[in-house]
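Before any comments, here is the structure.
Readers should treat all values here as calculations from the given coordinates under stated rules, not as data from a laboratory. The structure presented is a predicted model; accordingly, all values stated were derived computationally and were not measured. Positions of Cβ are backbone-derived with ideal geometry, glycine not excepted, and every protein chain shown enters the neighbour counts.
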Amino acid sequence: MRAIQRLRPERVTFVLTGLHPQYPHFGGEDLACAEYMVELLSGRQPNPVDYIGWTATFLDDHLVGAPADYIQKFSADLILCTDVDRFNFNMPVERRMACW
């Protein structure tokens, strides 16, 4: 977020990769993250707790019948996904070809 704010771009695009029309529970984490970041970029101070409700049903919605070790790894990942502002780095993205 701080990197975006420093750059002050005219527009920010959020790519929600998990959404799928046949699976309404998929992509909630991408949408929640984007909505949270929009609030921050708008100068508001949203409560992160309001944006992590998707975790309550995530394992049941996505991992029914998965092996126990897979569920354990995913559970550990969920903890990191909901620990807002834990990491002090960003993934830089740059346009290489003006396709749009």
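Points to keep in mind about this one:
- The label-point distance for residue 1 and residue 84, in a model that sets each label 7 Å from Cα toward Cβ, rounds to 0.6 nm.
- Exposed GluC sites (Glu not before Pro) absent - longest run of the chain, DSSP non-H/G/I/E/B, at most 13 other C-beta within 10 Å: 11-93
- Top positive-direction residue, dipole computed over the chain with Cβ charges, set 80, 97, 34: 97
- Ranking 63, 15, 51 by Cα position along the charge dipole of the range 2-81, where only Lys, Arg, Asp and Glu carry charges on their C-beta atoms, puts 15 farthest toward the positive end.
- Over the range 1-46: Kirkwood hydrodynamic radius from C-alpha pairwise inverse distances, Å: 11.8
- With viscosity 1.567 mPa s and temperature 4 °C, the Kirkwood radius over alpha carbon pairs of the chain converts through Stokes-Einstein to a diffusion coefficient of 83 µm²/s.
- Separation of the residue 26 and residue 8 label points, Cα + 7 Å toward Cβ, nm: 4.1
- Length added when fully stretched, residue 19-residue 42, from 0.36 nm per residue minus Cα-Cα: 5.9 nm
- About the centre of its Cα atoms, the range 2-81 shows a dipole size close to 480 debye [charges on the beta carbon of Lys, Arg (+1) and Asp, Glu (-1) only; nearest 20 debye].
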